[in-house]
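Any read-out appearing in this document is the output of simple, stated calculations on the displayed coordinates, not a laboratory observation. All values derive from a computational prediction rather than experimental measurement. Here the Cβ positions follow ideal geometry from the backbone for every residue, glycine too, while neighbour counts run over all protein chains shown.
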Amino acid sequence: MSFSNPEYLWLLLLLVPMICWYIYSQREADADLQVSSLDSFKKHMPSTWKASLRHILFALRVLAVAFLIVAIARPQLSNSYHSETTEGIDIVMALDVSGTMLSRDLRPDRLEAAKKVGIEFVSSRPNDNIGLVVFAGESFTQCPLTGDHVSLVNLFKNVEYGMIEDGTAIGLGLANSVNRIKDSQAKSKVVILLTDGTNNAGDVDPITAAEIAQTMNVRVYTIGVGTRGVAPTPVYDNFGNIHYVDRPVDIDEETLRQIASLTGGKYFRATDANKLKAIYEEIDQMEKTKLHVNEYSKKDEKYLPWAIAAILCLLLEIVLRNTILKRLPE
């Protein structure tokens, strides 16, 4: 607890002369009168308990003044600064946004399922710096490495088919991801690559990109998104209308396995969202690096309870003075 205006607390010293004056005035009010008998006065004398309670009025006034002074001094919960280190790793998620990601073997489709799982992954890793790269026929960075997961999740939600030229440039997407994470100071650098096809676009071969990742000490986890067999795949007619036709699911699993093996990662086949839990467990086993975290807390004003207490004391004094402790006119 601290005070915004601590100098006002010196006013509490005024309570000392107030109390002294009250004690002195009570002595002056007690006159000495010698009489042979008090019997004739007893019926006019106030009851003992009322005589004792009359001091409560002054006590309430003193408390009201004290509480008011404390309220004016503005007590606060002090603004605190907290510095600590926490464990985490740096991760870039590379997400395929090609047309086949609209296939509906995952609900509602592969892209939305991958987005949902990606957002859940971000939420489960509060201490990590995470970035997002999207790729189709080309690749670009949707979000650089950041600890601001609220903004990252919003950018994740904005990912959609058609934002870049169609195709599946796995090598380009991986190369872009490695480029985003290569300057990281973290001991553990990870790329999670989600795709549903084979490399058919871009100027970078997937294995070449994997070799670059290996040189940069970047571990790559590859995920093939899609069921086995055939899947309802979107096809557009001459009028721009979309139709769904069952087509074989074609994922270049051999290349994805090779990328993962070359970089020390692991390949997963995600036929549904629950399959991705395995990759979370794998990443949690990795060596973590320390991130420096600074936390600030705002000041919280606490004058109101003191002000309310002062008002209640004054109201109670007024009520008692005009009811059970009311004095008759002299």
*asked:* How large are Rg and Dmax for segment 187-285 when calculated on the C-alpha trace, in angstrom?
replied: 15.8, 52
*Highest to lowest packing among 17-23, 100-106, scored as the average C-beta count within 10 Å*: 100-106, 17-23
_segment 91-226: projected area of the alpha-carbon convex hull, averaged over directions, in nm²_ = 7.2
*Chain lengthening between Ser4 and Tyr22 when straightened (0.36 nm per residue, less Cα-Cα)*: 3.3 nm
_FRET efficiency, 1/(1 + (r/R0)^6) with R0 25 Å, evaluated for Glu301 and Arg61 via beta carbons_ = 0.45
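Counting DSSP beta bridges in segment 180-251, what percent are antiparallel, to the nearest 5?
50
Cross-link list Lys187/Lys275; Lys157/Lys266; Lys189/Lys266; Lys115/Lys275; Lys182/Lys288; Lys157/Lys189: which exceed 18 angstrom alpha carbon to alpha carbon? Walk me through the numbers on the way to the answer.
Values: Lys187/Lys275 27 Å; Lys157/Lys266 26 Å; Lys189/Lys266 14 Å; Lys115/Lys275 14 Å; Lys182/Lys288 16 Å; Lys157/Lys189 24 Å.
Correct reply: Lys187/Lys275; Lys157/Lys266; Lys157/Lys189.
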*trypsin sites (Lys or Arg not before Pro), restricted to segment 117-190: which are DSSP loop and have at most 13 other Cβ atoms within 10 Å?*
Lys187
_Local net charge near Val134, Cβ-Cβ under 13 Å (Lys/Arg +1, Asp/Glu -1)_ = -2
_Length released on extending from Leu14 to Asp205, taking residue separation times 0.36 nm less the Cα-Cα span_ = 60.4 nm
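How much length is gained if the chain between Asn241 and Thr146 is pulled fully straight, taking 0.36 nm per residue apart and subtracting their Cα-Cα distance, in nm to one decimal?
Result: 30.3 nm gained on full extension.
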